[in-house]
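Heads up: the structure comes next, in structure tokens.
What follows is calculated from the coordinates using simple rules that are stated; it is not laboratory data. As the structure is a prediction and not an experimental result, all values here were calculated from the model. Reconstructed Cβ throughout: ideal geometry from the backbone, glycine too, with neighbour counts over all protein chains shown.
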Amino acid sequence: MWKPAFLLPQNAMVRSNILSYNTITATYHSQIRFSSPQMNYELTGSVLSFNRMIETIPVPPVRQFNHILIKIAKMKQYPTAISLILDHDLLGSNSFVKPNLYTFSIAINCFCHMDRVDFGFSVYGKVVKLGYKPDSAIINTLIRGLCDYGNICEAEKLAHGIMNNGLQPTVVTIGTIVNGFCKRGDSQAALLFFRDAEKTMGCQPSTTEYNILINGLCKDGHVTQACEIYIEMINKGILPDVVTFNTLIQGVRNSGQWEDADVLLIEMETQGISYDVVTCSIIVDYLCKKGEIEGAHKMIKSMLERGMKPDTYTYTSLMHGYCLPGKRNDVRMIFKIMIAQGCVPSAFTFTTLIHGYCLLGKVDVARKIFEFMIGEGYAPCVYGYSILIEGYCKSKKKEKIEKAWDLFSEMYGNGVVPNVVTCTSLINGLCHVGRLKEAFQLLKDIPNWGIYPNIFTYSTLIDSYLKNEKMDEALKLFKTMECIGIKPDIVVCTSLIDGMCRAGKVDGGYQVFLRLAASGLHPNCHTYNVLMGGFFKTGYLKGVNDLLKKMEVEGCMMDGVTYNLVIQGFLRYRETKRALLCLESMLDAGFSANSGTLNDLVKLLHTEELDKASKQVIKKSFS
């Protein structure tokens, strides 16, 4: 690993860097040069201009060569810029034109952008050897190179070390290192460095550096800390800008604190900071996720009235909103409008469109869009594959499950690794068409691929075993799930209770029910319903009464299924009075009798003598 030059004794620094510099040309030409992209017309013109200037007599000043090199670098054609510098020995002692500090800075910048910060330090050694005094711009470029390379600790040492050599770190120095920590996902280290830099480096961070830190904290989920940093800015008289507010609004939105987002929006307006496209897009996304499509439309209309052009993110958010039931046919319309407005769809835009078609049941059309997306140069992603596989599996048709299986195999061919959602969808599809052995084999295989089943994966297969009367397999899988540390949830426990009751093992189902509290689980209405169904099946009415009392104590409200189940059960065992009391409660609660209950009530009217009040209750159930 190279070391920053000024952290070494100067003689050693010069020797190590000059030796390294003398190897750059050979290494560069053999390893890097030919990775340069095919030249375009603008690039070709710049190269020709550079070469013509070399042949000019007298040779133009170095600043003109620097100007062309900067132009090439701005095109991100860094290898080409380095080729021109090295081919003509522009940094050498015998160069046709004497380089200045800016020439060296350009070379260092290009090397760092090419992930060759080691070569950047070699050029830095040449700078020192020739007697130039490096400025903060060169040091900041090297620090950025170290951060991009992932060597942030060395970058931090470099920032502290420059003060020993008479250079003062700048706010750019601080921002670069803070950004390096944040990109690595270590916003807490970024915060510590930020605090240390304020004390030891003698420069006050600006709005830009605060924004970098706030963004890192929000992305790591430390939204409260980010808000505290924002308050600190205000107290220090450092004015936030639209980027500050956008970052905080996105952060609190992602953490579900929309009340705080509303406060920030009001504060933004109070400080006279206008919404930009990003702000509006965040609001559109939020409204769409809440299902408030009309509100999202109003925001887009407001954007247009302010002269703002909605971007790809805005339209994609709106498309996502249109994936809600009742709006799905309009997803295509939004996509067409977006294209007409000149917005380039992103991979997420395409997957949102694919999702919309899958929700409409048009999975084959969605697959064609997916294939078109890949043909346009977008990399296939696990999210797109997972949507298609789930779409095919939801159809519950054998031929569609085969297509899902084909897509699953295709993923590996395209270098896309499935995730647990993909595998769970496929297992669910296989279970729907009775291919339980294949589903179980897939469950066994996926840990070998680095994918670990979750509670949803297990509950899908357990439920299918129970529905196919494979109680032993279901119980075995349930125990396996517990043994590997996956805690059962109320869904899988309810499935187990239901399966046992259907199999006539009501006592076993009741034992599972009694253990729920010890597992920290609370039965829901469906849990009570399946167990009551089992009790009615065996004629255990006391158990039904106990469950009804427990529901009331636990605050679990009866739903329409519960009422109809209980009414039919009591009528079956000639508990007419209790059935009619329950019927009256059901109607008062706003629920309706289903067809089974109505049939039983018709039979009751024809077989029993009922008083006027009872007949009136029954009559209400038919109105």
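Tabulated results
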| item | result |
| --- | --- |
| Separation between Cα centres of the stretch 186-227 and the stretch 268-344, rounded to whole Å | 31 Å |
| Links that overshoot a 26 Å alpha carbon limit, given the list Lys400/Lys444; Lys76/Lys199; Lys183/Lys309; Lys76/Lys183; Lys403/Lys479; Lys550/Lys620 | Lys76/Lys199; Lys183/Lys309; Lys403/Lys479; Lys550/Lys620 |
| Radius of gyration and maximum dimension Dmax of the chain, Cα, Å | 34.5, 121 |
| Coordinate range along principal axes, alpha carbons of the stretch 191-345, Å, largest first | 59, 29, 28 |
| Burial ranking of peptide ranges 601-607, 76-82, 45-51 (average Cβ count within 10 Å, highest at the top) | 76-82, 45-51, 601-607 |
| Estimated dipole of the stretch 361-453 in Debye, rounded to 20 [Cβ of Lys and Arg +1, of Asp and Glu -1, Cα centre] | 420 debye |
| Label-point separation in nm, Ser206 to Leu360, each point 7 Å along Cα→Cβ | 5.0 nm |
| Extension gain, Asn468 back to Ile57 (0.36 nm per residue minus Cα-Cα distance, nm) | 138.9 nm |
| Karplus-derived HN-Hα couplings along the stretch 381-389 (A = 6.51, B = -1.76, C = 1.60, θ = phi - 60°), whole Hz, x at Gly and Pro | 10, 5, 5, x, 4, 4, 4, 5, 4 |
| Mean-position separation - Cα centroids, the stretch 367-417 and the stretch 471-537, in angstrom | 35 Å |
| Proxy reagent accessibility, fewest Cβ within 10 Å first, across Asp559, Asp546 | Asp546, Asp559 |
| Karplus (6.51, -1.76, 1.60) ³J(HN,Hα), θ = phi - 60°, over the stretch 572-583, in Hz, Gly and Pro reported as x | 4, 9, 6, 8, 5, 4, 5, 5, 6, 4, 5, 4 |
| Helix-only [θ]222 nm of the chain, DSSP H runs n ≥ 4, -39500 (n - 2.57) each, per residue, nearest 500 | -22000 deg cm²/dmol |
| Estimated vicinal HN-Hα couplings, Hz - the stretch 117-125 in sequence order (Karplus 6.51, -1.76, 1.60; Gly, Pro = x) | 5, 4, 5, x, 5, 5, 5, 4, x |
| Estimated FRET transfer efficiency (Lys619, Lys487; beta-carbon r; R0 45 Å; 0.05) | 0.35 |
| Relative contact order of the stretch 563-622, pairs being alpha-carbon contacts under 8 Å that are 6 or more residues apart, as % | 38 percent |
| Computed over the chain: relative contact order in percent, which uses C-alpha pairs under 8 Å that are six or more apart | 5 percent |
